[in-house]
Each structure stands twice: as structure tokens, then as C-alpha cells.
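No lab work stands behind these numbers, since they all come straight from the coordinates. Computed from a predicted model, the values in this text were never measured in an experiment. All Cβ positions, glycine included, derive from the backbone under ideal geometry; neighbour counts span all protein chains shown.
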């Protein structure tokens, strides 16, 4: 099974973005120039962004019907909010 060149290039670009965001979140948490709570909150937001990218592009959710995409988007927002509330409370 051959992959379309544009699809492979898109997957590679998204993979590189995921690596970059991972590196940025690691640097932010390890860098002590900001408070630990702010850095952790930013790292959690980046993790939610990464989950969204993986589901949309590598699990092909971007081709799903709008109803399912909205359920997924709500799922990411709700669980990010629950985790963030638990962390800050």
C-alpha cells in the first residue's frame, strides 16, 4: 500500500511539530524562570494540543463526520479542564 506523497509530508510535518512541542514543554518545566504552577499548566495545555493533533491526523478523525469531531473536541476541553481544576484546587 503506497502513501500519497502529500499525505506523508503532512504526517512528517505534524510529527516534527509534536516533537517540538514536547521539547518546548520539557524546557518550560525544567527552566526555573517561571513558577512551577504556570509551567505545569502550560505543559498540560501543550499535552492537550498534542492529543488533539494525534487524534485528528494520525487517527484520521479529521475525516470523520462533524458530529464526531465535535464530541472529540468537547472531550479534549472537558478533560483538560478537569485535570487543570484538580491541579489548581
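General remarks:
- Of 79, 72, all but one fail to be buried (at least 16 other Cβ atoms within 10 Å of the Cβ) and over 11 Å from the mean Cα position of the chain (by Cα); the exception is 72.
- Check on residue 34, on the phi < 0 side of the Ramachandran plot, more than 13 Å from the chain's Cα centre (by Cα) and part of a helix (DSSP H, G or I): no
- Of all residues making up the range 9-25, the number that are exposed (fewer than 14 other Cβ atoms within 10 Å of the Cβ) and in contact (Cβ under 8 Å) with a residue 40 or more places away in the chain: 2
- Single residue of the range 37-56 satisfying the filter (touching a residue at least 12 places away in the same chain (Cβ under 8 Å) and over 11 Å from the mean Cα position of the chain (by Cα)) that is surrounded by the fewest Cβ atoms within 10 Å (Cβ to Cβ): 37
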